[in-house]
1. Taking all protein chains as present, what is the carbon and sulfur share of the accessible area of segment 2-62, in % to the nearest whole number, probe 1.4 Å?
2. Label Q220 and L41 with points 7 Å out from Cα along Cα→Cβ: what is the distance between them in nm?
3. Given labels modelled 7 Å from the Cα in the Cβ direction, how far is it in nm from A257 to A140?
4. Please label the shape of segment 2-62 as rounded, prolate or oblate, based on the square roots a ≥ b ≥ c of the eigenvalues of the alpha-carbon gyration tensor (a/c under 1.5 means rounded; beyond that, a/b larger than b/c means prolate, else oblate).
5. Can you count the Lys pairs in segment 49-179 with C-alpha separation below 26 Å, eight or more apart or on different chains?
6. Write down the accessible area per residue of the chain in Å², having rolled a 1.4 Å probe over the full set of protein chains.
7. Once Lys and Arg get +1 and Asp and Glu get -1 on their Cβ, which of Q161, Y149, W219 lies farthest toward the positive end of the dipole of segment 72-277?
8. Need one value: the accessible area of R158 in square angstrom, 1.4 angstrom probe, rounded to the nearest 10.
Amino acid sequence: MKLCTYTAAGQTRTGIVVGDTVIDSGVPGTMIDLIRDWDALKPALEARAAEGGGVPLASVKLEAPIQRPGKIWAIGLNYADHIAESNMATPERQVWFTKAVTSINAPYDPIEIAKGTFTADYEVELVAVVGKGGKHVSEADAAGAIFGYCVGNDVTERMWQHAGPQWSLGKSFDTHAPIGPWIVTADEVGDPHALGLRCFVNGEKRQDSNSRHLVFNIWQQVEHLSTGMTLEPGDVIFTGTPGGVGAAMDPRQFLKAGDVVRCEIDRLGHIEGTMVAEG
């Protein structure tokens, strides 16, 4: 099932995407509420989807499927080609950073280049959305902790990222975590480690890989994160980006106002944002 958050007639609600239409879920609250009560709600939502109806998808505004996740975690250096282009050694342990909740952006909204900065970069990523979550989730049980998946762009301000030993500040600028266009539930995705992912800038393919090349797979990521914290419904995990980022090109190619960045992943759809100068 494809589940979205959308705005129509001034109201923001959750919906079910079926083909080119969106059907109101009928569930009050946010996507996090829907995920939390999924087991009880799923039969009614499946029945709604089967009935059809709804409104054209083109007539609504798609929002970030989860607008205020409790936590956003992102793993760095998790594809071999990206590690090589970064001139780094393959990590023996997982390398994690956070992105601020305020960096969340809708899938087709503009992406800001912050005032006084000039090194904005793109990173297509498979995003896992936590469902049941939990603490001390083993790798063997990790699939049961994930609700679904969506497309993400881990937009990064490189100058700020490398200004100190911690990456989070350069990863957390407003609008620098567009996700969407909807969440595809885990049962519909199947194996999340067999998905092609690509990024285009102004139509030029910059990144092209497959999630089978993850250094630490998603189940290992869940096990690692849940060792020290409780993963909760609606938490968002950016699972890593492949090679081809602008900072590694010769000469380096950072994003500028007017550039259009499209990120797409097999079976999940695509997101696309135009870079704009802040203010």
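The values are calculated or read from the model by the stated rules, or taken from the named source; none is laboratory data. Model, not experiment: these values are computed from the prediction. Virtual Cβ from ideal backbone geometry, glycine too; neighbours counted across all protein chains shown. To get the accessible areas, we keep the full protein, side chains included, count just its heavy atoms, and leave off ligands, DNA and RNA. Shrake-Rupley method; radii C 1.70, N 1.55, O 1.52, S 1.80 Å.
1. Numbers: 1690 of 3130 Å².
In segment 2-62, the share of accessible area belonging to carbon and sulfur is 54 percent.
2. 3.4
3. My value for the distance between the label points is 5.7 nm.
4. Here segment 2-62 falls in the oblate category.
5. So the count works out to 13.
6. 42
7. The Cα lying farthest towards the positive end belongs to Q161.
8. 20
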